[in-house]
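All remarks here apply to the structure that follows.
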Amino acid sequence: MALGTYTIAVKKEPQSRGGSSGIHERIGVGTLLSIGSPRNHFPLAPGDHPTLFIAGGIGITPITAMVTALAEEKRAWALHYCARSEHHAAFYHELAKLAPERVHAYFSDTPILDVDALVSRQSLDTHIYSCGPKPLMEAVARATSSWPPEQVHFEWFSAAQHDAGQNTTFEIELARSGVVLTVPPDRTILEVLRDNGHHINSACEQGVCGTCETVVISGEPEHRDTLLSAEERAANKTMMICVSRARTPRLRLQL
């Protein structure tokens, strides 16, 4: 890939909210796009340790960049890639050329990946990265449940279901203006802000991508995202305002 360019893969989803279908149907050679600075909530951990990648379908997209980086640095890695077929496996041939012995594919006509067995064979210092369909990632999460959390990394496409109980009304105070807004049970913080003329960047609106991450000055959030670690949640320094709510009557936000 040439410097100054991006290579992306976007799966066309018939039930998309418009993003993936719009890219496939409206964007072509010569289309001018505006982009922002890259956000990376799925980074490679530093250190010279073995790395295991478990990807499913279009979840290979972020992992492709990671594999390429480790191959260039001559670090130890292995990729286990599940897809419906070779035809549906984006970047498969490019990755296999890097190190065929390290790329293991699982298509519909090949044996299914045994996640438990694969994880059990890894050395204790291995870092594991997974991105793909929810059932695959849940299998990885179960297989690594006893592993140190800092060695297991996920990029989720959709948020996990949270049994957070009944929504309650609370207030948000915007620190920069002093404005206080009420968030009713049937609205999110993000929706209330938009209703009152405040434009806040967002993308997934499921607590997965981190675009709407907002600094918390005071008050205790009720975290419902899938992105923040246990330590980050306990610190209560930021929250995802697209899904998370409040445990205290008021949150003061850096907005």
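Brief remarks follow.
- Using a probe radius of 1.4 angstrom, the carbon and sulfur fraction of the accessible surface of the chain is 52%.
- Our helix-only sum for the chain, with -39,500 (n - 2.57) per DSSP H run of n ≥ 4 divided by its residues, gives a mean residue ellipticity at 222 nm of -6000 deg cm²/dmol.
- Label-point separation, residue 40 to residue 176 (7 Å along Cα→Cβ), nm: 2.7
- Of all beta bridges that DSSP places with both ends in the chain, some 30 percent have antiparallel geometry.
- DSSP finds beta bridges in segment 106-255, and of those with both partners inside it, around 60 percent are antiparallel.
- Segment 166-212: C-alpha gyration tensor shape, a/c 1.5 cut-off, then a/b vs b/c: oblate
- Dipole check for the chain: with +1 at the C-beta of Lys and Arg, -1 at the C-beta of Asp and Glu, and the Cα centre as origin, the magnitude is about 420 Debye.
- Comparing 68, 4, 96 along the charge dipole axis of segment 1-109, the residue lying farthest to the positive side is 4, per the Cβ-charge model.
- Computed across segment 47-88, the Kirkwood hydrodynamic radius from all distinct Cα-Cα pairs reaches 10.9 Å.
- Selected from 15, 151, 206 as most flexible by GNM, with the chain as the system and alpha-carbon contacts under 10 Å: 15
- Modelled label reach - residue 23, point 7 Å along Cα→Cβ, segment 44-69 residues with backbone N closer than 12 Å: 58-62
- Orientation-averaged projected area, Cα convex hull of segment 40-128 (nm²): 5.9
- Accessible area per residue in Å² at 1.4 Å probe, computed on segment 60-166: 57
- Descending semi-axes in Å of segment 1-71, equivalent ellipsoid built from Cα gyration tensor: 27, 16, 11
- Entry for the chain at q = 0.13 Å⁻¹: log10 I(q)/I(0) = -0.96, Debye formula applied to identical alpha-carbon scatterers, no solvent contribution.
- Other residues lying with their Cβ under 12 Å from the Cβ of residue 211 contribute a combined charge of -2, Lys and Arg counting +1, Asp and Glu -1.
- Value of relative contact order over segment 71-122, rounded to a whole percent, pairs C-alpha under 8 Å and six or more apart: 39
- Inter-label distance, residue 196 to residue 254: 2.0 nm, where each label sits 7 Å from its Cα along the C-beta direction.
The values are calculated or read from the model by the stated rules, or taken from the named source; none is laboratory data. Because the structure is predicted, anything quoted here is derived from the model rather than measured. As a convention, Cβ positions derive from the backbone with ideal geometry for all residues, glycine included, and neighbour counts pool all protein chains shown. These accessible areas exclude ligands, DNA and RNA; they are computed on the full protein's heavy atoms, side chains included. Shrake-Rupley method; radii C 1.70, N 1.55, O 1.52, S 1.80 Å.
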